[in-house]
Each structure stands twice: as C-alpha cells, then as structure tokens.
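For reference, the structure discussed in these notes is given below.
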Amino acid sequence: MIKGRKKIRFDISLWVAISAVAVLIVITTVMAMAQLERQKAKAVEIFVEKGATLIRSFEAGLRDAADEKSRVFNMQKLLIATAQQPDIDYIIITDKKGSIIADSDPSMVGQKYGLDIDIMQITQIRESRWRQSANPQGADTFEVYRGLFPFYSAGKEKSKKQPENLMVYVGFNMEKIEKAAVVDTRNTIIRIIVLLLVGSLAIVSLFLVQAYRLTRSTLSRMQAFSETLVKNMPIGLIAFDDVGKIISCNEKAREMLNCSSADISGGKETNILPAPLKSLLAELPEKGGLMERDIDIDAPGDKKQKWEAVGAGLIDEDTSAGKILLMRDVTQIREMEKEVARSRHLTSISSLAAGVAHEIRNPLSSIKGFAIYLKERLQSDSEDKKTADIIVDEVERLNRVITQLIEFARPIELKKEKTRVSDLVDHALKLIETEARKNNIKIKVAPENNELFAEVDPDKVKQVLLNIFLNALAAMKNGGSLDINIFEEKENLQVAVKDTGTGIGENDLPRIYDPYFTSKPAGTGLGLAVVQKIMEAHGGKISVESAEGKGTKVSLCFPR
C-alpha cells in the first residue's frame, strides 16, 4: 500500500506540474511575442513619421523656385542632398506612369518604378504609406511613399505650369533596427528562460509542499469509498484476520446471518457462522486459493435456503493475512434453473410423445375397424356386441388423447386477425349450453362491450375458452353459476371466468399446468397445459385463483 501510495502521488504531481509549466510557457511566450510586436510597431511608426517629415521638408524646399527649369533643378539638388542623410538608401520621384523624373542616383532617371502599386490613386492623397522589401545583399529596406505636392500649399490653387500626379519614395536602411531587434529578441529569450526556471521551481516547490496533504486526502477518500462500497454491496462480505477474528462485516452479511453489529464486533467465525460456512473456511488452502460452493441453510418455518458461498485466503508476501467470505442467497435463481431444466425436459418428452402417438394412431384405426366389423356381424342383444361397443369407445378415447398429445407437442402456428372477443365467448358458450342446462348451471355474461377487439387466432382462442368452460362445468356437477366478464385493463384485454364449483386443492394448484396431471377420473391432464401454451404463443398469460370448496377464477390476459 505504501509503494502504491507513493506512485500515485508521484504521477499526480508530475502531470500537474507539467501542465502548470506548459501554461507558464504559453503565457510567457505570448507576452514576449506581444512585446516584440509592440517594438516592431514602434519602429514602423518612427520610420513612417521620419519619412513623412522628410517628404514635407522636401515639398517646402521646392515651393520657392522661380520658374519650371529652376524647380526641376532644385528638385534634383534637394533630392541628392537629402539622400545624403544617415539611414537613407534612396529617394525617388516618379510621374503618374511610374517613370523616374528624379532620383538620388541620377543614372536611374527615365526608368520605371512602383508599377506594383496603384500610382494614380496614391498621387491624389497626402497620407503616407509604407512597405518593407527584402535585400539579399544586406539589410532590408523600409520604404515610405505618397503623392508629392511640391509647388503649392494646402488650400492654395495649383500653378498652371506645375507637374501633376507625382509620387515620392523614401527608402530607409534597416540595419540598425535589425541589429536592435536581434538584441531585443536575445534578451527576451533570456528573460523567458529565467522566468520559466523560476516559475517551474516555484510550482515544483508548491507541489512538494502539498504532496503529503494531497496523498492523505486521497487515501481518506479511497477509504471512504471502499467502506461505502462494502457497506452497500448486495452480497454479504465478511473479512477475518489471521487468527479468525472478524475485522469487517457489511450490512448484507449481518442481515443474512440475522445478527447485529454488537454480536460481530471482536467475535470469531465459530460464534456466528453456520456449520457449512465454517467447513468452507476450514478447507481453504493455507497458501491462498479460492473455493466456491452452494450450501443449504435452515430458514425460519422449516424452509431451506440455497446460498452461494465463495471463500478466499489473503496472502501477504507468502504469509497468511486472513480470509474473506462472500455469500448471497440464490434460492430463487436455483429454482428458476430447475424450472428451465424441467421445461427442456418436458419439451424433449413432448417431441418423443408426438412420435410415439403418431405410431400408435395407425394400429388404433385398424383395431377400431375390426371392432366395427365384428359389431355388425353379431346379434344386437349379444354380450359380444356390447364388448365390441366398448372397444370402439375406448379406441375413440385413445384417439382423443393422442390428438391432444400431438396438439401439445406440435409448435403452435397462429393465424392472427382482428377479432371481437365477445363473439369468441358466445361461440364457446353455445357448445356447452346444453350440458350446462342439464346440470342446472346458470351462465351469466357481464354487459358486453362489443368494441373490445384483439389480434388473436380465433380458432385457438375458442379452444382455450372451451377447455376452461368444460373444466368449470366438470367442477359443478350439482349445479352452480358461471360468470364471465370481458374488460380492459391498461393496455391489455382481460377475460375473467369464475365458477362456484369444488375448487382446486392447495397442493394441486401449483401442478395444474403439468402435462398428464389431472384430478378427473377420465381426464388426460393436457387441457390446461395446451391452454397455457396457446396463451404464451399470443404473448398473453393465464392465471388461476382457487380454494377447495370455494370455486375457481381463471383470468386470461391478451395484449391489445
């Protein structure tokens, strides 16, 4: 745990420190770039202002010329004299077509210059513009240019003889500025490095100071999380030290063992654990290992519970450090597993029974045919003829059993259609009304809602209703009443059938859907099994409520 704690502290401190240093680098770099941009903007402002001042001075020096010839002479003279100032590479004057009319280098007069800009537009304004051009053989050149107005002042009329649309270009040598920029950049980098070192040391020092507090806080949160998790987990957990004393027990375990915290505090496993759990812990290997098994536990009311128990030994550097026990109640899960296995077994039996029934039906047809043949050849009052009638009746009964068996084993194929459920009930009641009248049974159907429809297979539902009605009649040999109600409940359609017959015993009620289970002397035990299968095929369900001597209520639920 100590090693793990140090590792967690180191990882957290390292990454947070790296993030903080990265943020510091970004901030410092942005500040340095902003400083360099400000210096560059200041240098541009100085050059533009210096160029504008030179151009205004140049214009002022040309306004006192007496005639045009002297004006041109003065222009060239002033241009050469002005270009002699330090940091000035050249001064060029062009006309509106870009032809040089005056240059600090007289050999350039007559050549073209400035064709890459809109000369006609710029010659009309006094606003200074600038651009920077690279010089492969030396320092870059900073050029200030605008329209030139040498022969009149602002607000005065133009001289008719003065030239129009002139451009002036002043080029400054940037060698000193570039050297100063290099020095500033170097100084800025040095400041950035110093600032980063100081800031990084400060951040690392801060995390070193806070490391113990952060580690302790993290450990406390982990302990709180572990305690909450163990306390509220849905599985019982008990931990023992190396001498068998309980050191931890969650609420689920106390609930399963039916004991309190006071019973467990400082106790040993022999005091509270059932014998099967003690046996499991005793069998754990000394050098660690895992054991899992299902155990039977006595529960109140002479009932048995099935628990799943997992025991494990805790090892610390090849030395036993205690044991841990996990347990949960799996009674319902195991019952469901048995039910699934039973369903699979019944499915296999059904498939086998269907094959056997098919093989039996053919010999029965022959037996019935010979019995009818013998019956016709015997005298009507002979004892043998009565025997032949019995053979025919029994064969027909076997055929009915085989038909039900095949129906139960065969996969149900539904032909659903939108059907009024009340019509299906009426049809099934017509088939039993004669027998009901004979047994003095009153049939009562609740006020029908003819608008209740469901997507069902009409023939299969008629079979379901007929089976239920016949069971009700068989339970009311001495008369009674049969009540039928059709109604809606949420998104389902319900058909409730209630009789006042003998009812079903408490022990028989869980088995009513089992194939071949019946309480009737002549029953096959397949009726309700087939009914349940048909209802499940429709996505519905059947439920039966009954008490011996108090009648039975069968509810059919169909999804709308």
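The values are calculated or read from the model by the stated rules, or taken from the named source; none is laboratory data. Only a predicted model underlies this, so the values are computations on that prediction, with no experimental measurement involved. Backbone-built Cβ (ideal geometry, glycine too); neighbour counts: all protein chains shown.
Residue by residue through the stretch 150-191, note down the ones that are in contact with a Ser or Thr (Cβ under 9 Å, 6 or more places away or on another chain), modelled with pLDDT of 70 or more and surrounded by 16 or more Cβ atoms within 10 Å (Cβ to Cβ). If the condition is that a residue be in contact with a Ser or Thr (Cβ under 9 Å, 6 or more places away or on another chain), modelled with pLDDT of 70 or more and surrounded by 16 or more Cβ atoms within 10 Å (Cβ to Cβ), then L166, M167, V168, Y169, V170, G171, F172, N173, M174 are the ones that fit.
On the stretch given as the stretch 300-325, residues that are surrounded by 11 or more Cβ atoms within 10 Å (Cβ to Cβ) and at pLDDT below 75 total 2.
Results for (1) exposed (fewer than 13 other Cβ atoms within 10 Å of the Cβ); (2) touching a residue at least 40 places away in the same chain (Cβ under 8 Å); (3) of a type in the set (G, A, S), shown as yes or no for each residue.
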position: V204; (1), (2), (3): no, yes, no
position: A211; (1), (2), (3): no, yes, yes
position: S220; (1), (2), (3): yes, no, yes
position: T228; (1), (2), (3): yes, no, no
position: L237; (1), (2), (3): no, yes, no
position: C249; (1), (2), (3): no, no, no
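Taking the stated definitions as given, is P274 modelled with pLDDT under 75, out of contact with any helix residue (DSSP H, G or I) (no Cβ under 7 Å at 6 or more places or on another chain) and within 22 Å of E335 (Cβ to Cβ)? So P274 does not fit the description; no.
Run down I412, I443 and say which single residue is touching a Lys or Arg at 6+ places or on another chain (Cβ under 7 Å) and not acidic (D, E).
Being touching a Lys or Arg at 6+ places or on another chain (Cβ under 7 Å) and not acidic (D, E) holds for just one of I412, I443, which is I412.
Restricting the first member to the stretch 407-424 and to residues that are aliphatic (A, V, I, L, M) and surrounded by fewer than 16 Cβ atoms within 10 Å (Cβ to Cβ), and the second to residues that are modelled with pLDDT of 90 or more and not in a helix (DSSP H, G or I), the beta-carbon pairs closer than 8 Å and six or more apart or on different chains are L414/V456; L414/D457.
Condition check ((1) at pLDDT 80 or above; (2) more than 15 Å from Y169 (Cβ to Cβ); (3) among the β-branched types (V, I, T)) across all residues:
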position: R63; (1), (2), (3): no, yes, no
position: A81; (1), (2), (3): no, yes, no
position: I88; (1), (2), (3): yes, no, yes
position: I93; (1), (2), (3): yes, no, yes
position: K96; (1), (2), (3): yes, no, no
position: A102; (1), (2), (3): yes, no, no
